[in-house]
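Shown next, in structure tokens, is the structure this report addresses.
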Amino acid sequence: MLPLVARRWSISADPDAMGICGGSSGGNAAFTTAWQRPDSLRRVIAFNPSFAQMPDGNPYPARIADEDRRPLRVFLHAAQRDLQWNEAESNWFAESLETAAALARHGYDLRLVVGDGGHSPNHGGVLLPDALRWLWR
């Protein structure tokens with residue numbers, strides 16, 4: 001997508017100047033994009049990411065532990081009452097916390113913000129200006 005955008009607009013080739021943001025499945029997609037393409041972008045905002053609904057489960061805690069560290073800066077939002085928040089399996093809140101813990105244990109530049117809401121864009125919308133300032137501090 002970026003080559004198509006670059007045909008029309010001037011964009012930076014510096015991956016530290018590029019970021020991606022998304023919520024829910026878009027949060028998962030944003031994190032996955034940054035994870036897979038740190039050569040293209042290194043800043044990611046993931047609001048209520050859907051790690052819990054990934055096929056075969058959330059791979060990121062294990063991948064973060066087992067693979068070389070990537071030069072990413074991650075702003076991660078988790079809602080305490082996200083989908084299945086009180087269930088042992090497919091708990092969206094728990095999967096976000098486990099991913100955040102893995103990032104923290106391996107020295108990633110991470111900011112985790114926990115809210116007490118549900119699966120909604122409300123808290124993420126309020127956090128977005130601060131998240132953008134933090135990513136490009």
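The values are calculated or read from the model by the stated rules, or taken from the named source; none is laboratory data. What you see is a predicted model, and the numbers here were worked out from it, not measured in a lab. Cβ sites come from the backbone with ideal geometry, for glycine too, and all protein chains shown count toward neighbours.
Here are the numbers:
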read-out	value
Residue check, Asn28 polar (S, T, N, Q), touching a Phe, Trp or Tyr at 6+ places or on another chain (Cβ under 9 Å), crowded, with 16+ Cβ neighbours inside 10 Å and in a loop (DSSP other than H, G, I, E, B)	no
Long-range neighbours under 8 Å by Cβ, at least six apart or interchain, first residue touching a residue at least 24 places away in the same chain (Cβ under 8 Å) and within 22 Å of Trp85 (Cα to Cα) within segment 104-116, second of a type in the set (Phe, Trp, Tyr) and surrounded by 15 or more Cβ atoms within 10 Å (Cβ to Cβ)	Arg111/Phe75; Arg111/Trp134; Val113/Phe75
Qualifying residue in segment 81-88 (condition: in contact with a Pro (Cβ under 7 Å, 6 or more places away or on another chain) and either farther than 16 Å from Gly23 by Cα or modelled with pLDDT of 95 or more (or both))	no
Flag for Arg8 being basic (Lys, Arg), more than 28 Å from Val126 (Cα to Cα) and surrounded by fewer than 20 Cβ atoms within 10 Å (Cβ to Cβ)	yes
Selected residue [in contact with a strand residue (DSSP E or B) (Cβ under 6 Å, 6 or more places away or on another chain), at pLDDT 95 or above, of a type in the set (Val, Ile, Thr) and farther than 26 Å from Pro3 by Cβ] from Val74, Val114	Val114
Whichever residue in segment 31-49 is in contact (Cβ under 8 Å) with a residue 24 or more places away in the chain and under 15 Å from Met1 (Cβ atoms) and, among such residues, is surrounded by the fewest Cβ atoms within 10 Å (Cβ to Cβ)	Asp39
